[in-house]
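Single-structure report; data block below.
Values quoted throughout were computed directly from the atomic coordinates according to the rules given, and no laboratory measurement underlies them. As the structure is a computational prediction, the values presented were derived from the model and not from experiment. Cβ coordinates were reconstructed from backbone atoms using ideal geometry, including for glycine residues, and neighbour counts include every protein chain displayed.
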Amino acid sequence: MQKEKIVDKIKEFFKPKNQEIEVMILEDVANKISYEVRFKEPIQLSEEEYRNLQNLITGLHFSIIDSWETIGDYTYERKSYLGVEEYQNKDETEIDIFYTRVWTKNDTIYFLDKIWIE
């Protein structure tokens, strides 16, 4: 699938959030085109909404290849983690999701900063 179509699918997914989305087109020294989908404000997703985003990406024939989190803030009642999930398809196109995950006793919320398609 072409990167432009992936960007369109991601923008369509976030349309109900009614947030300003900026798409930057980047080119490296090898003339490889990448897209950076940025949000004016971090987009808040519930755990279910985040799973829906993961399902959208895997539905586009991407598989998760790596993920990591590091503790950002830690108290008895709240923990936050900075993380990245990396997906790749058979054409070696990658999708990277950059997020902050906040866990409280009652809920888990994701705040998405940006998504790279490279």
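Please name whichever of I21, L82, V37 sits farthest to the positive end of the charge dipole of the chain, dipole taken about the Cα centre and charges placed at Cβ: Lys and Arg +1, Asp and Glu -1.
Of the listed residues, the answer is I21.
Working from the pairwise distances between different alpha carbons, so that the mean of 1/r is found and then inverted, what is segment 46-118's Kirkwood radius in Å?
12.9
May I ask for the angle, rounded to the nearest 10°, between helix 3-14 and the longest principal axis of the chain, with both axes built from Cα atoms and the value confined to 0 to 90°?
30
In the structure displayed, which of K5/K32; K32/K90; K9/K105; K32/K114; K3/K114 lie more than 25 Å apart, Cα to Cα?
The answer is K9/K105.
Relative to the longest principal axis of the C-alpha atoms of the chain, give the angle of the C-alpha long axis of helix 47-59, reported between 0 and 90° and rounded to the nearest 10°.
20
Counting helices only, and only those DSSP H runs with n ≥ 4, report the 222 nm mean residue ellipticity of the chain as the sum of -39,500 (n - 2.57) divided by its residues, in deg cm²/dmol to the nearest 500.
For the chain, the value works out to -6500 deg cm²/dmol.
Compute the FRET efficiency between L56 and I25 as 1/(1 + (r/R0)^6), taking r as their Cβ-Cβ distance and R0 = 25 Å, and round to the nearest 0.05.
It comes to 0.70.
Got the relative contact order for the chain handy, in percent, Cα pairs under 8 Å and 6 or more residues apart?
Contact order relative to length: 26 percent.
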